[in-house]
1. Just rank B:170, B:32, B:50, B:41, fewest to most, by other beta-carbon atoms within 10 angstrom.
2. Pop a pseudo-label 7 angstrom from the Cα along the beta-carbon direction at both residue B:25 and residue B:85 and give the gap in nm to one decimal.
3. What residue among A:18, A:41, A:63 shows peak mean-square fluctuation when chain A is described by a Gaussian network model with Cα springs under 10 Å?
4. Relative to the compact globular guide of 2.2 N^0.38 Å, what is the alpha carbon radius of gyration of the stretch A:14-84, as a ratio?
5. In terms of the ratio Rg/(2.2 N^0.38 Å) built on C-alpha atoms, what value belongs to the stretch B:3-91?
6. As an exercise, use a Förster radius of 35 Å and the Cβ-Cβ distance of residue A:9 and residue B:192 to find the FRET efficiency, rounded to the nearest 0.05.
7. Let me see the P(r) profile for the stretch B:104-193: every Cα-Cα distance counted, bins of 10 Å, each bin given as a percent of all pairs.
8. At a 10 Å Cβ-Cβ cut-off, how would you order A:43, B:157, fewest neighbours first?
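What follows draws every value from the coordinates through simple rules; no lab data is involved. Because the structure is predicted, anything quoted here is derived from the model rather than measured. A quick note on method: Cβ atoms are made from the backbone with ideal geometry, for glycine too, and the neighbour counts reach across all protein chains shown.
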């Protein structure tokens, strides 16, 4: 079976987001990897989008205000358990 | 069995375990809620709602090792319910169709500097966490939800489609539009704060010149 190939930078850029999101099938994923290893311009774009995505992912952690943790703790204390 | 009857079978040890697990993930739960809602007050309500729903459904969780992912699924579903409430619908922004794609990279990239500098990555290094958070919070809700679920929560397109009950193709298009809007907001903010690196750029994307 022939390996899928990326024929142009436009084609690679169209697949870039799906590649970064892990949404490509193995053949297409490897084809993008091969293109990136040979094309500095597309690699720069990939590197930039990946860094931005990583920075966004870090926003998952947020310092929790005392009011929120207190509210959650009080809520859990009020939950009913067997025998109450 | 009612939710009350089911939770009545849960023991004090379960409550201590539950409190411990929730405490361990509260920072991520709250952070994700803030990003999904784009608002801290709504996020606080969403977290409380999620914890209450998780407690009620705890007897149905057979594999406690999967608690974390299970709670995030509850968070996402609670968010969707919150969005459907009248209060949220009132603030729901219509989808603007036809706007052009915006790429920060294309604005910042200077091929002539390819080997000596990297203004794109310099730009990202100068951005503060608050800049990025503010830009995400400012996204219209339909786009923000998809961007947060994929980029913050790390869900697959298929999982997002399931949570939002939309086709996978719609997830893909909203994600592209959401990321484009996010990058435009970051660019506008950078222009306001003078954060752009390298030689001054015009408001138009740089032209690609043939280096040959």
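1. Least to most surrounded, the residues fall as B:41, B:170, B:50, B:32.
2. Computed distance between label sites residue B:25 and residue B:85 equals 2.2 nm.
3. Looking only at A:18, A:41, A:63, the biggest GNM fluctuation is shown by A:63.
4. Numbers: Rg = 22.1 Å, N = 71, 2.2 N^0.38 = 11.1 Å.
It is 1.99.
5. Numbers: Rg = 13.6 Å, N = 89, 2.2 N^0.38 = 12.1 Å.
It is 1.12.
6. Numbers: r = 32 Å, r/R0 = 0.91.
That pair, residue A:9 with residue B:192, gives E of 0.65.
7. P(r) over the stretch B:104-193, rounded to whole percents: 16, 40, 29, 14, 1.
8. Values: A:43 14, B:157 21.
By the 10 Å Cβ count, ascending: A:43, B:157.
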